[in-house]
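Worksheet: one structure, shown below.
The values are calculated or read from the model by the stated rules, or taken from the named source; none is laboratory data. Small disclaimer: the values here were computed from a predicted structure and weren't measured. With ideal geometry, Cβ positions are generated from the backbone for all residues, glycine too; neighbour counts draw on all protein chains shown. Protein only, heavy atoms only, side chains kept; ligands, DNA and RNA dropped before computing areas. Shrake-Rupley method; radii C 1.70, N 1.55, O 1.52, S 1.80 Å.
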Amino acid sequence: MRLYFSSFFKHLKTVLYHRHLVMIGCFKVGLYKQGLFHDLSKFSPAEFWVGVKYFQGTQSPNNAERKEIGYSSAWLHHKGRNKHHYEYWIDYSIRALPSGIAPAPMPLKYVAEMLMDRVAACKVYNHGTYTDASALIYYQSGKDPAPIHEDTRKLLEFLLNKLACEGEKETYGYLRKLLKGNAKPKSAP
């Protein structure tokens, strides 16, 4: 019971800190509403109590749940409610045969929030070892190519590379102009 009580507050602190970091990033690029409402589903019982039960502090509790039961019920709940995850944008398509499953392109504002989400997660879980390249390194460590629309992939990879090479100030400045329509999107280098 004592461990559970401790995990409750540690998980709550982690979620609040993550949301705070995403909010700051979203505000810097002009996405005020998304910054305020980011990841509110993490406070739902379906996600929060799983996070408490599997809290580790070094990675998402969803990974520990996957390890124990073979999937993450919290993730399945989360990805279906948060448009900043590319998994939200996977749909059935009459053009993608034989499987019929195809990723849809993500609107720019959700790609921007996805970037902020990745940066914040790396800051939370990498603690003092975070660098501007952390989000790119984590993205590149994926074993299989993500089922993400090609246009979304190109933009995300461009932004991750820009962040790694030029830093937050330059990347967020560019993204702010892009969101306002004062810059043209570029593809990955």
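Counting heavy atoms of the protein chains alone, Asp144 has an accessible area of about 120 Å² for a 1.4 Å probe.
Just to verify a number: FRET efficiency for Tyr92 and Ile137, C-beta to C-beta distance, R0 = 35 Å, to 0.05? Taking R0 as 35 Å, the efficiency between Tyr92 and Ile137 is 0.60. Full extension of the chain segment joining Lys67 with Ile24 gains 12.3 nm, where the gain is 0.36 nm per residue of separation less the Cα-Cα distance.
For segment 1-147, the residue among Gly70, Phe27, Ala102 whose Cα projects farthest onto the positive side of the dipole built from Cβ charges is Phe27.
The Cβ shell under 15 Å around Ala102 holds other residues with a net charge of -2, Lys and Arg each +1, Asp and Glu each -1. Model label points for Leu76 and Lys184, set 7 angstrom from Cα along the Cα-to-Cβ axis, are 4.5 nm apart. Charge tally around His78: other residues with Cβ under 12 Å, Lys/Arg +1 each, Asp/Glu -1 each, net -1. Using a 1.4 Å probe over the heavy atoms of the protein chains, calculate the carbon and sulfur portion of the accessible area of the chain as a whole percent. Roughly 59 percent of what the probe reaches on the chain is carbon or sulfur.
The gain in end-to-end length when the Phe8 to Ala46 segment is fully stretched comes to 12.3 nm, 0.36 nm per residue minus the alpha carbon separation. Only helices enter the 222 nm calculation for the chain: every DSSP H run of n ≥ 4 contributes -39,500 (n - 2.57), and dividing by all residues gives -20000 deg cm²/dmol, rounded to 500. Spin-label model, Lys53 to Glu170: label points 7 Å out along the Cα-to-beta-carbon direction sit 4.6 nm apart. Averaging Cα coordinates gives a centre for segment 74-129 and one for segment 130-189; these two points are 14 Å apart.
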